[in-house]
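Student: For reference, the structure I am asking about is given below.
The values are calculated or read from the model by the stated rules, or taken from the named source; none is laboratory data. The structure displayed is predicted, hence computed values, not measured ones. Here the Cβ positions follow ideal geometry from the backbone for every residue, glycine too, while neighbour counts run over all protein chains shown.
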Amino acid sequence: MAEAREMEAASIRILVVDDDLYARQAMMERLRSRGYQVKGAEDGLQALHHLQRERFNLVITDIQMPRMDGVALLREICRHDYAPVIVQTTLLDAYLQEVLRRAGASGVLMKGESVAELVRLVEALCRTTEGSSPQRG
């Protein structure tokens, strides 16, 4: 059973977007340790560059970033139907939750949530969207 789950994870590609190098690398390492293929981007513009050239099953993004913030990135991703998006934030109030919901977020996590919660959400989203993202070079 665990072997099948690892094989499934190995076929899932995740783009992690965060301008904080340490946070981005920590998230990427947590996901890699679970068997996922992971790539990083330091801001929304770099993320869009990757999304235009490669296929990802999921994007996990921070909100506060230079050049293009996470909300603008979320809107672009949804507009082009690139992949489901999990938004991570340190501050979450009712207004921001509504903005993210309307912009198309598939999930919202507080930064620092447990790895188990992150993996649960990743697995749930990847199961429901398997094969729905368009192929890219």
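Student: Considering every residue within the stretch 80-93, establish whether at least one is crowded, with 17+ Cβ neighbours inside 10 Å and either assigned to a helix (DSSP H, G or I) or out of contact with any strand residue (DSSP E or B) (no Cβ under 8 Å at 6 or more places or on another chain) (or both).
Tutor: So far as the stretch 80-93 goes, no, none of its residues is crowded, with 17+ Cβ neighbours inside 10 Å and either assigned to a helix (DSSP H, G or I) or out of contact with any strand residue (DSSP E or B) (no Cβ under 8 Å at 6 or more places or on another chain) (or both).
Student: Mind checking whether some residue in the stretch 94-104 is within 17 Å of ARG24 (Cα to Cα) and exposed (fewer than 12 other Cβ atoms within 10 Å of the Cβ)?
Tutor: There is no residue in the stretch 94-104 that is within 17 Å of ARG24 (Cα to Cα) and exposed (fewer than 12 other Cβ atoms within 10 Å of the Cβ).
Student: Another question, if that's okay. Name every residue in the stretch 44-67 that is assigned to a loop (DSSP other than H, G, I, E, B), hydrophobic (A, V, I, L, M, F, W, C) and in contact with a Lys or Arg (Cβ under 8 Å, 6 or more places away or on another chain), in order of residue number.
Tutor: PHE56
Student: Kindly provide the set of residues from the stretch 72-110 that are under 11 Å from the mean Cα position of the chain (by Cα), farther than 19 Å from LEU45 by Cα and not small (Gly, Ala, Ser), ordered by number.
Tutor: VAL108, LEU109, listed by residue number.
Student: In this structure, does VAL99 turn out to be touching a strand residue (DSSP E or B) at 6+ places or on another chain (Cβ under 6 Å), closer than 15 Å to GLN64 by Cβ and not charged (D, E, K, R)?
Tutor: Taking the combined requirement at face value, the residue does not satisfy it.
Student: With respect to the numbered conditions (1) modelled with pLDDT of 90 or more; (2) farther than 18 Å from ARG127 by Cα; (3) within 15 Å of the chain's Cα centre (by Cα); (4) not in a helix (DSSP H, G or I), which one is the sole condition not fulfilled by GLU113?
Tutor: With respect to (1) modelled with pLDDT of 90 or more; (2) farther than 18 Å from ARG127 by Cα; (3) within 15 Å of the chain's Cα centre (by Cα); (4) not in a helix (DSSP H, G or I), GLU113 is out only on (1).
Student: What's the number of the only condition in (1) surrounded by fewer than 18 Cβ atoms within 10 Å (Cβ to Cβ); (2) farther than 20 Å from LEU96 by Cβ; (3) of a type in the set (S, T, N, Q) that GLN64 fails to meet?
Tutor: (2)
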